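Working notes, structure below.
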């Protein structure tokens, strides 16, 4: 187990877009990738909650791997 210390994680960037039928989001396209937009969500609160849940999963996955080690 690693000693306790600072853990810093660079997280994904997201694009959020409002269209006439609701809110959409996806990871921001980089290096020629295509954005995979998900939605529609009724409110901005709904879409930000979904993004927060995804970020939590990503942090938990990385932190678990770090603590358990190779």
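The values are calculated or read from the model by the stated rules, or taken from the named source; none is laboratory data. Just so you know, these numbers come straight off a predicted model, no measurement behind them. Reconstructed Cβ throughout: ideal geometry from the backbone, glycine too, with neighbour counts over all protein chains shown.
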What is the one condition in (1) modelled with pLDDT under 90; (2) surrounded by 12 or more Cβ atoms within 10 Å (Cβ to Cβ) that residue 69 does not satisfy? (2)
Would you be able to say whether some residue in the range 20-38 is closer than 24 Å to residue 8 by Cα, free of Cβ contacts under 8 Å to residues at least 60 places away in the same chain, out of contact with any helix residue (DSSP H, G or I) (no Cβ under 7 Å at 6 or more places or on another chain) and assigned to a helix (DSSP H, G or I)? no
Got at least one residue in the range 46-53 being surrounded by 11 or more Cβ atoms within 10 Å (Cβ to Cβ), assigned to a loop (DSSP other than H, G, I, E, B) and modelled with pLDDT of 85 or more? no
